[in-house]
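As structure tokens, the structure follows; a few thoughts come after it.
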Amino acid sequence: MDITDVVVIGAGQAGLSSAYFLQRFGLDTVVLDAESGPGGAWRHRSPSLTMDKIHSIFDLPGVRQEGDADGSAPAREAVPAYYAAYERTVGLDVLRPVHVSAVSRGAGDRLLVAATRRDVPMEWAARAVVNATGTWTRPYWPYYPGGGDFRGRQIHYGSYRGPQAFAGQRVVVVGGGASAMHVLSELADVAAGTLWVTRREPVWRGDEFGETARRDAVALVERRVREGLPPQSVVSVTGLRYTPVIRTAEEKGVLNRLPMFSRITPDGITWADGRHERVDAIVWATGFRSALDHLAPLKLREPGGGIKVDDAQAVKEPRLQLVGYGPSASTIGANRAGRTAALNIQRLLEAPAILTA
């Protein structure tokens, strides 16, 4: 068993931000990541998702991105390259690939982190833990009657690798967020037809989504996690802005929203009023849930299903910080959450803190 001040689990934006500030505070910090290289969830995005299609990637603390990214570069290459350069520049030694299986309470003031690396068991005893495992590994796939009988293809957005696999097919895209917009804008060029369905009427934003609006959106999600409710994504409370991807989809005539179908049939989908559409494929752009199963030994869940969090700190376990959860599950809140988590831990451990970043 290794002894350390802090273990950071996950090396996406929130994890790297947390590790940066912990390092600045002079705390002995171990960073663990399940991936084989830098980039977090960005490593697994579709090759068709280029930098000119994504929301802004906020600079990580202390190191600005150099120049403007090539808009035609796949995000799955450009963002990991930035993260890799960041780790080298600030001197973060991330241990990979490490799969954390459990975080539990140990003797005294320690939390125990159990993991494996290439099937070799590993364990750390830490005075604090920052959990930054994000959501990508837990795609949310809602149940609808008849789904198991569908003879066509069903995939979640997490497995989407571009439009060519759907050439000549009739495809229904389920979901009201940026992922659905990405898929629809691309399928329009190759599919025989597309249908777009959502549970709720989309909210379109024509105003400038500036700093104040971003902070307000984060605050709405923070309120839920303080109450112990499952967090909503930041996007779900901001609505859909007219990004280049959405404008492209609009120009191609594919943003004709339909209400959610009631069941799936072997050859298509059916609504409660009897309407039926034959489709060859269903793309579930229905989001992700937080990957927190390894925290189960801490028994943090509230009756509402979420984990009560106050400024990144788990209320039932102050030695645990949750970043990349709720308001910091997007680039809007990740850096701020990393700094907050490090400050919380610094106060908890009563270590001297001099922040010059």
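When the range 125-141 is filtered for residues that are in contact with a helix residue (DSSP H, G or I) (Cβ under 8 Å, 6 or more places away or on another chain), in a strand (DSSP E or B) and surrounded by fewer than 22 Cβ atoms within 10 Å (Cβ to Cβ), the ones remaining, listed by number, are R127, P139. Given the condition assigned by TED's automatic domain parsing to the domain that holds L322, of a type in the set (F, W, Y), part of a loop (DSSP other than H, G, I, E, B) and over 21 Å from the mean Cα position of the chain (by Cα), answer yes or no: does some residue in the range 54-69 qualify? No, the range 54-69 contains no residue that is assigned by TED's automatic domain parsing to the domain that holds L322, of a type in the set (F, W, Y), part of a loop (DSSP other than H, G, I, E, B) and over 21 Å from the mean Cα position of the chain (by Cα).
Scanning the range 6-53 for residues that are part of a loop (DSSP other than H, G, I, E, B) and among the acidic types (D, E) yields D28, D33, E35. Restricting R88, R76 to those that are without any contact (Cβ under 8 Å) to a residue 24 or more places away in the chain, charged (D, E, K, R) and part of a helix (DSSP H, G or I) reduces the list to R88. State which residue is surrounded by the fewest Cβ atoms within 10 Å (Cβ to Cβ) when the search covers only the range 272-287 and only residues that are touching a Phe, Trp or Tyr at 6+ places or on another chain (Cβ under 6 Å) and among the hydrophobic types (A, V, I, L, M, F, W, C). So the residue we want is A281. Scanning the range 179-205 for residues that are more than 20 Å from R263 (Cβ to Cβ), within 25 Å of the chain's Cα centre (by Cα) and either in the same structural domain as S48 (by TED's automatic domain parsing) or surrounded by fewer than 21 Cβ atoms within 10 Å (Cβ to Cβ) (or both) returns E201, P202, V203, W204, R205. Only residues that are surrounded by 12 or more Cβ atoms within 10 Å (Cβ to Cβ), modelled with pLDDT of 85 or more and of a type outside the set (V, I, T): list them for the range 46-58, please. Residues satisfying the conditions are S46, S48, L49, M51, D52, K53. When F25 is tested against (1) within 22 Å of the chain's Cα centre (by Cα); (2) crowded, with 19+ Cβ neighbours inside 10 Å, just one condition goes unmet, and that condition is (1).
The values are calculated or read from the model by the stated rules, or taken from the named source; none is laboratory data. Keep in mind that what you see is a predicted model, and the values were worked out from it rather than measured. Methodologically, a virtual Cβ is constructed for each residue, glycine included, from the backbone with ideal geometry; neighbour enumeration extends over all protein chains shown.
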